[in-house]
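Reviewing the structure listed below.
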Amino acid sequence: KFKAGAVLYIAGEGFNGLQRRFMAWSIRNNIKLDDAPIFISNMPANLTEKEQHDHICNEASAIQQEAGIPISLIVIDTLARNFGGRN
């Protein structure tokens, strides 16, 4: 079952086009995202480094408290850009 919740979008690249992609999705699906609990990073995260991993976990906890709802989805876009050059 799906539960409504916040979305954490960890963008590794394409920050300039990200808002346009969200707008296009919104128009195509006829769903307004204006008040949707979507939280977008402003930089990639090297998820293979403990410090970065811990930072993401702390930010996710803060987002959940701020939104008052749990994070239901974490999007990592792209995995390659957020893995610090590792496989």
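The values are calculated or read from the model by the stated rules, or taken from the named source; none is laboratory data. Everything quoted here is computed from the prediction, not taken from an experiment. Counting neighbours? That spans all protein chains shown, and the Cβs are built from the backbone with ideal geometry, glycine included. Accessible surface areas use protein heavy atoms only, side chains included; no ligands, DNA or RNA. Shrake-Rupley method; radii C 1.70, N 1.55, O 1.52, S 1.80 Å.
Summary table below
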| item | result |
| --- | --- |
| Cross-chain or 6+ apart pairs with Cβ under 6 Å, the stretch 66-85 first and of a type outside the set (Ser, Thr, Tyr), then assigned to a strand (DSSP E or B) and open to solvent by 60 Å² or more (accessible area, probe 1.4 Å) | ASN82/ILE76 |
| One residue from ASN46, ASN42 being over 11 Å from ALA6 (Cα atoms) and either open to solvent by 60 Å² or more (accessible area, probe 1.4 Å) or among the small types (Gly, Ala, Ser) (or both) | ASN42 |
| Counted residues, the stretch 1-35 - those being free of Cβ contacts under 8 Å to residues at least 60 places away in the same chain and either surrounded by 13 or more Cβ atoms within 10 Å (Cβ to Cβ) or basic (Lys, Arg) (or both) | 10 |
| Condition check for LEU33: of a type outside the set (Lys, Arg) and under 17 Å from ALA11 (Cα atoms) | no |
| Selection count, the stretch 53-82, where residues are open to solvent by less than 60 Å² (accessible area, probe 1.4 Å) and either touching an Asp or Glu at 6+ places or on another chain (Cβ under 9 Å) or farther than 23 Å from GLY5 by Cβ (or both) | 2 |
